[in-house]
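Heads up: the structure comes next, in structure tokens.
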Amino acid sequence: MALDKATVTRIAALARIRVQEAELDPLQASLSQILGFVDRLAELDTEGVEPKAGVLSGLPMREDVVSDGNCRDRILANAPAAAHGFFTVPKVVE
């Protein structure tokens, strides 16, 4: 599909991209090439080809359970300071 300069200018305006007159010819060629590639993809026979992934593909779901992780001591071992099973932070009141 070949685009003309008016269409490229309209696309640039819709995308809110300022395009100089000198940039129209290369941009027209690039966009036409991209649309030509998409047209070629539309010609492919995809009959019987299963999609690789999608929202309806039945991905495994984990059970939605609230948990504290049961590893408080390991987490607090990484803290710079801890007291009574909690993180200790410096006072921030001005």
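The values are calculated or read from the model by the stated rules, or taken from the named source; none is laboratory data. All figures in this text were calculated on a predicted structure; none of them were measured in a lab. Counting neighbours? That spans all protein chains shown, and the Cβs are built from the backbone with ideal geometry, glycine included.
Is it true that some residue in segment 55-64 is modelled with pLDDT under 90 and of a type in the set (Gly, Ala, Ser)? Checking segment 55-64: at least one residue is modelled with pLDDT under 90 and of a type in the set (Gly, Ala, Ser). Remark: pairs (first residue in segment 1-14, in contact (Cβ under 8 Å) with a residue 12 or more places away in the chain; second residue of a type in the set (Lys, Arg); Cβ separation under 9 Å; 6+ apart in sequence or on different chains) = 12/18.
Quick grid of which residues meet (1) in contact with a strand residue (DSSP E or B) (Cβ under 8 Å, 6 or more places away or on another chain); (2) acidic (Asp, Glu); (3) at positive phi; (4) surrounded by 10 or more Cβ atoms within 10 Å (Cβ to Cβ):
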{"position": "16", "(1), (2), (3), (4)": "no, no, yes, no"}
{"position": "21", "(1), (2), (3), (4)": "no, yes, no, no"}
{"position": "41", "(1), (2), (3), (4)": "no, no, no, no"}
{"position": "77", "(1), (2), (3), (4)": "no, no, no, no"}
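For every residue, the table says whether it meets (1) touching a strand residue (DSSP E or B) at 6+ places or on another chain (Cβ under 6 Å); (2) loosely packed, with under 10 Cβ neighbours inside 10 Å; (3) of a type outside the set (Ser, Thr, Tyr); (4) within 30 Å of residue 5 (Cβ to Cβ).
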{"residue": "24", "(1), (2), (3), (4)": "no, no, yes, yes"}
{"residue": "48", "(1), (2), (3), (4)": "no, yes, yes, no"}
{"residue": "60", "(1), (2), (3), (4)": "no, yes, yes, no"}
{"residue": "72", "(1), (2), (3), (4)": "no, no, yes, no"}
{"residue": "83", "(1), (2), (3), (4)": "no, yes, yes, no"}
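Taking residue 29, is it out of contact with any Phe, Trp or Tyr (no Cβ under 7 Å at 6 or more places or on another chain), surrounded by 11 or more Cβ atoms within 10 Å (Cβ to Cβ), modelled with pLDDT of 90 or more and not aromatic (Phe, Trp, Tyr)? Criteria met by residue 29.
Assigned to a loop (DSSP other than H, G, I, E, B), loosely packed, with under 12 Cβ neighbours inside 10 Å, more than 25 Å from the chain's Cα centre (by Cα) and at pLDDT 90 or above: does that describe residue 90? Spelling it out, it is not the case that residue 90 is assigned to a loop (DSSP other than H, G, I, E, B), loosely packed, with under 12 Cβ neighbours inside 10 Å, more than 25 Å from the chain's Cα centre (by Cα) and at pLDDT 90 or above.
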